[in-house]
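Everything on this sheet refers to the single structure shown next.
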C-alpha cells in the first residue's frame, strides 16, 4: 500500500523478489537447501545425456565383463565407473541419471493427469453443487477406498497378462502414468472442491454473476486462479507420492523393465545382489530416491506454511 | 428524470417470498423429541410477502437489523437467488423466471455494489482487467481502444486514478477498492444499481467520500438505487423513500422526511430512538423487550408482537396488512390501524 | 491518585524490512470510575492502545518506550505471573465480536468458573453463586439455566452481556472495551450501552471505550481521545470535543457524518486516506489531507497545546479558531 503514492511500477522481477513467498524463502534455510538439491537433481536428470559418461540404453556401450565393479572409493574399483557398475555391466552413475529422469517424468506426468482430472471434477462439483456434486464426490470416495497400489497392481498385472510382457515393456511408461494418474485424482478433486466452496461465497463471484458472466468463465477465469495455492501445495506432495508409487510398482516388477530402468527398477534389480556384497546397486539409487522425495516434501511443507497456514495436509 | 413520460415503477416486487430449507434430504427431516420420532421440515423464512416498488430516479432505502432479510431482497432483485414465490418486475417485465441468457440484456441495465470491498474484487485480476472484462463481455464489437477509452472515462468519473490500472486490489485501501468496485459496476452504463451495505465496511471519513460519489453518479447518470443499509443516518441523507423490514416483513414504507419526522410503526420508533446521537440531549431510548426471534418457523400474527409493548390478542393471532396512511406512508400495524398508539 | 496513568507510551512492530511505529508518545490519565473514549478510524492505533494497556501485544509488536502506571505501579515490565494477576483482578477486556470471544465447546458456566478458579480460592458452590450474581447484574433472565448452555444457544446480544458479566467476575477497577457494540444491531447496541453505563456507575469501574462511532462516544464517555496515525491529536472533555472540536481532523470527522449535512447534499468529506503506518509523512501526519496545512505543518511535528478546554496537537489551532466560519467548514 505504501507504494500507491509513487508512480513508478516495480518490474515483474522486483515484485516477485519482494513478494512474501520470496521473502520467506530467503529466510528459510531448509527451503533453500531443499530447493538447491531438487534443482541439482532435476538439472542432472534433464541433461542426463550430457552429464552421463555412458548411454545405458546403448547395448554397444555395455560390457557384461564390467559387471559389479564397486564405487571408486571401495577397493577393486575401476576408475572409469564412479559409482561402480550394476549386474549387467552398466555404469551405475549413468543409469541413475537416466533412471531419475524416467522417475521424474512419470511422477510429473502422472500428477499432471491427476491435476487435470481432479481440478475439472472438483471445480464442477464445487461450482454446480447439488446432485452433480453428490455424484462426483461419491465417485471420489469409492476411488479413494481402494488403495492406489492395489488398483495399480491389479491393473498392471492384467495389462501385462493381456498384452504380453514384450508390448507391456514398450508402453510401460504410459501405463504407469495412466494408472497413477487415475488412481489419485480424488486428492485434487476434494481439495479443489473445498476451495471452490469457500471462494464461491465471496462477493466477487456474485459480482461476476450480476454482470451476466457464464459458469465456465466464472469457474476458470475467476474461481480457479484464486484456488491455486492449495493446488500448488497438494501438487508437491502428489509428485513425491507418484514417484514413490512408481518406484514401488517397478520394485514389484510391474513397472519399468530392466532394460529401461527407473530408480525403482534399479533398486529392485540390485536387490538380488545385495547379499553377494554388491550393495551399491541398491543403496545408491535408494539414497537418491529418498533424498529426492524428502526434498520435494520439505519444499511442499514450506510452501504450505507460506501459502496457507490453515490448510491441513490432505 | 422528471420529464420521463413513463410513470410505471422501474422495479416492482409483488408478494415476494424466499425460504431457505434447513433440512435438505429425507434423513435430515427426521427428528426425535420426547420419545417420538416425527418428520419436520424447517425453513428460514427470510423474506415474507414483500411488495415494493421503486420509481425511476429514486433512491429506495431498505433498512432493518441483521437477519431481517434486507440482503436477501437485494439478491432476489439481482437474480442471484430465485424467489420461492412472488414476482420481480423490471420496467414492466417479469424477470425472476428468466434464464441467464434471457437476462443478458438486463445485466447491462442493472448492477450491484457489494458490502465488502475486500471480497468483491477478484484478487488475481489487475484493476484494468477487472474493469475491462465487463465492457468486453457486453460489447463484443468494441475494439481495444474503444474499451480502454470507456474504462478510462469511467475511472475518471469516479475518481480512480488511471495510473492504478496495473495494480492488484490488495494494494488499495478499503475506500479505494469500493471506488473501483463502483467503477466496475458503472462500466456497463447501468440505469439501476443495487447497493448492499456499500459503506458499512468503511471508515467514517471514507464513508462520506463513497456516499458523495454515489450521489454524484445518481445525478450525472440518472441512476435509480435500491440501497440496503442498517444505518439510519445514511438513509436520512441518501434515501428518497424508506422501507423498514423486520423479520422479512415490511413494517413501514414512507417518504424519508415523513419517516424521520413522524415514524408510526412501534418498531420504526424504537429503531430511530436507538441511534446514538451526537447531541447532548439524550433521546428517550425506547427499550424493546427480548431479542429478534429467529426467522425459522415464523410465529403467527404480527412478527413484531414478541417485542412490542402495544401488542394485544389480535396481534398474536392476525398478521397486520399494510395500510395507507393520510400522509402517504404505508404501515402494517394493528395498533396504528386501531389508533391505540398515543402521540 | 489516578487509576491509570500512561506516559509517553510507544509501540513498535518489527516488520521484515523495517520497524513500524504504531503508537507514538501516547499520554493520558484515567481517574477512578472515569469513562474515557478513544476514537479513531481503522489503523489509527486505538485497538493497539487497548492491547498495550493489557500487555497483550503479541510478537512482532512490543512496547518500545514509556510507562503504564496502574495505581502508581509500573506495569510495563511486569513478569507474566504478576501481569496475569493484574489482568484478572484489576483490569478486564471486552472484545468486539461476541461470536468468537466465547469458547464454543465449553458451557457458559464452565467458562465463568474457570476464570474464578484461576484467580480465587473458591468452592464450587461459592463460585457458582458469584457467577449467577454477575449474570443477574447484566439482566440475563434465568441465569441458573444459562450456566449449562453453550454459546451457540444464545443470541448475539445475550452473548455480549455474558462477556460483560465475565469481565465483571473479579470486580475489576478498569474495563477496556474494544468496539463492544459494533457487531450488534442498533436496538441491541442501545441496550448494551445503557448496561455498561449503569455498571460503571454502580460499581465505580473505570471504562476505556475504544470505538470509531462518535455517537457512541458522545453518549458513553466523559473524556475523549482522538487518535490519528498512531498519535493522540486531540484530548479533552467529550462534550467540548463534540461541540467545538479544535483539530481539523476531528472537525472533519464530525462534519463528515450524514447528520451534519441537509439530506441530498454533498457530505463534507475529508479527502484522501489515512497514511499507512509504514509511510507516515514527516511533520503533522494529517497535513496531506488538511485544508489548513501550511509549510511547517509538513515538516515539523506539532506539539500538544492547550486550547479552550482541550489539548490539541496542531500548529495552526489559533488561526483555525479565528478563521471565518466559511473557511472552517470547507
Next on the checklist: Let me confirm something: among C:226, C:217, which residue is in a helix (DSSP H, G or I), touching a residue at least 40 places away in the same chain (Cβ under 8 Å) and either more than 23 Å from residue C:26 (Cα to Cα) or within 13 Å of chain B (Cβ to nearest Cβ) (or both)?
Outcome noted: C:217
Item to check | Verdict on residue B:276 being under 30 Å from residue C:274 (Cα atoms), modelled with pLDDT of 90 or more and either touching a helix residue (DSSP H, G or I) at 6+ places or on another chain (Cβ under 9 Å) or buried (at least 24 other Cβ atoms within 10 Å of the Cβ) (or both) | outcome: no
Next on the checklist: Being at pLDDT 90 or above, farther than 30 Å from residue B:232 by Cα and surrounded by 16 or more Cβ atoms within 10 Å (Cβ to Cβ) narrows it down to one residue among B:131, B:121; which is it?
Outcome noted: B:131
Next on the checklist: Take the residues in segment B:47-75 that are within 10 Å of another protein chain (Cβ to nearest Cβ) and assigned to a strand (DSSP E or B); name whichever of them is nearest to residue B:112 (Cα to Cα).
Outcome noted: B:59
Item to check | Members of segment C:122-156 that are within 26 Å of residue B:67 (Cβ to Cβ), assigned to a helix (DSSP H, G or I) and touching a residue at least 40 places away in the same chain (Cβ under 8 Å) | outcome: C:151, C:152, C:156
Next on the checklist: Which count do you get for residues in segment B:315-332 that are exposed (fewer than 12 other Cβ atoms within 10 Å of the Cβ) and in contact (Cβ under 8 Å) with a residue 12 or more places away in the chain?
Outcome noted: 1
Next on the checklist: Quick check on my filter: what residues within segment A:273-284 are surrounded by fewer than 19 Cβ atoms within 10 Å (Cβ to Cβ) and in a helix (DSSP H, G or I)?
Outcome noted: A:274, A:275, A:276, A:283
Next on the checklist: Can you confirm whether residue B:110 is within 12 Å of chain A (Cβ to nearest Cβ), buried (at least 23 other Cβ atoms within 10 Å of the Cβ) and either within 23 Å of residue B:168 (Cα to Cα) or under 22 Å from the mean Cα position of the chain (by Cα) (or both)?
Outcome noted: yes
Checklist entry - So which helices (runs of 4 or more DSSP H) stay within segment B:108-187 end to end and still have 3 or more residues that are touching a residue at least 60 places away in the same chain (Cβ under 8 Å) and in contact with a strand residue (DSSP E or B) (Cβ under 9 Å, 6 or more places away or on another chain)? => result B:174-186
Checklist entry - Only one of B:290, B:301 is at positive phi and away from every other protein chain (no Cβ under 11 Å); which? => result B:301
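For every residue, the table says whether it meets (1) crowded, with 16+ Cβ neighbours inside 10 Å; (2) modelled with pLDDT of 85 or more.
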| residue | (1), (2) |
| --- | --- |
| B:263 | yes, yes |
| B:293 | yes, no |
| B:297 | no, no |
| B:310 | yes, yes |
| B:313 | no, yes |
| B:334 | yes, yes |
| B:339 | no, yes |
| B:343 | no, no |
Checklist outcome for this item: Residue hits (segment B:217-228; within 12 Å of chain C (Cβ to nearest Cβ) and either in contact with a strand residue (DSSP E or B) (Cβ under 6 Å, 6 or more places away or on another chain) or buried (at least 24 other Cβ atoms within 10 Å of the Cβ) (or both)) are none
Checklist entry - So which residues in segment C:266-280 are more than 8 Å from chain B (Cβ to nearest Cβ) and more than 25 Å from the chain's Cα centre (by Cα), if there are any at all? => result none
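Got at least one residue in segment C:290-305 being away from chain B (no Cβ under 14 Å) and closer than 18 Å to residue C:36 by Cβ?
Within segment C:290-305, one or more residues are away from chain B (no Cβ under 14 Å) and closer than 18 Å to residue C:36 by Cβ.
Okay, residues lined up against (1) within 13 Å of chain A (Cβ to nearest Cβ); (2) outside any loop (DSSP other than H, G, I, E, B); (3) over 30 Å from residue B:237 (Cβ atoms); (4) touching a helix residue (DSSP H, G or I) at 6+ places or on another chain (Cβ under 6 Å):
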position: B:13; (1), (2), (3), (4): no, yes, no, no
position: B:44; (1), (2), (3), (4): no, yes, yes, no
position: B:77; (1), (2), (3), (4): yes, yes, no, no
position: B:102; (1), (2), (3), (4): yes, yes, yes, no
Checklist entry - Looking only at segment C:183-214, which residues are more than 14 Å from chain B (Cβ to nearest Cβ) and assigned to a helix (DSSP H, G or I)? => result C:199, C:200, C:201, C:202, C:203
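Every residue, every condition in (1) at pLDDT 90 or above; (2) farther than 30 Å from residue A:290 by Cα; (3) at the interface with another protein chain (Cβ under 8 Å from one of its Cβ atoms), yes or no:
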site	(1), (2), (3)
A:207	yes, yes, yes
A:213	yes, yes, yes
A:220	yes, yes, no
A:224	yes, yes, no
A:232	no, no, no
A:247	no, no, no
Item to check | For residue B:156: the one exception among (1) under 19 Å from residue B:186 (Cβ atoms); (2) within 11 Å of chain A (Cβ to nearest Cβ) | outcome: (2)
Next on the checklist: Go through (1) within 14 Å of another protein chain (Cβ to nearest Cβ); (2) without any contact (Cβ under 8 Å) to a residue 40 or more places away in the chain; (3) more than 20 Å from the chain's Cα centre (by Cα) for residue A:128 and report which single condition fails.
Outcome noted: (2)
Item to check | Hits in segment C:245-265 (condition: closer than 21 Å to residue C:319 by Cα and within 12 Å of chain B (Cβ to nearest Cβ)) | outcome: C:245, C:248, C:249, C:250, C:251, C:252, C:253, C:254, C:255
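Here is a yes/no grid of residues against (1) over 25 Å from residue C:56 (Cα atoms); (2) more than 26 Å from the chain's Cα centre (by Cα); (3) exposed (fewer than 15 other Cβ atoms within 10 Å of the Cβ):
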position	(1), (2), (3)
C:128	yes, yes, no
C:144	yes, yes, yes
C:151	no, no, no
C:167	no, no, no
C:171	no, no, yes
C:182	no, no, yes
C:199	no, no, no
C:211	no, no, no
Next on the checklist: Going through C:253, C:267, C:320 one at a time, which residue ends up being in contact with a helix residue (DSSP H, G or I) (Cβ under 8 Å, 6 or more places away or on another chain), part of a helix (DSSP H, G or I) and closer than 28 Å to residue B:172 by Cβ?
Outcome noted: C:253
Checklist entry - Looking at segment C:278-298, which of its residues are touching a helix residue (DSSP H, G or I) at 6+ places or on another chain (Cβ under 9 Å), more than 30 Å from residue B:218 (Cβ to Cβ) and not in a loop (DSSP other than H, G, I, E, B)? => result C:278, C:279, C:287, C:297, C:298
Checklist outcome for this item: Note on residue A:123: of the conditions (1) within 23 Å of the chain's Cα centre (by Cα); (2) free of Cβ contacts under 8 Å to residues at least 60 places away in the same chain, unmet is (2)
Item to check | Residue in segment C:52-61 that is surrounded by the fewest Cβ atoms within 10 Å (Cβ to Cβ), counting only those that are closer than 19 Å to residue C:86 by Cα and modelled with pLDDT under 90 | outcome: C:58
Item to check | Residue within segment B:21-30 that is crowded, with 21+ Cβ neighbours inside 10 Å and in contact with a strand residue (DSSP E or B) (Cβ under 9 Å, 6 or more places away or on another chain) present | outcome: no
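The values are calculated or read from the model by the stated rules, or taken from the named source; none is laboratory data. Just so you know, these numbers come straight off a predicted model, no measurement behind them. Positions of Cβ are backbone-derived with ideal geometry, glycine not excepted, and every protein chain shown enters the neighbour counts.
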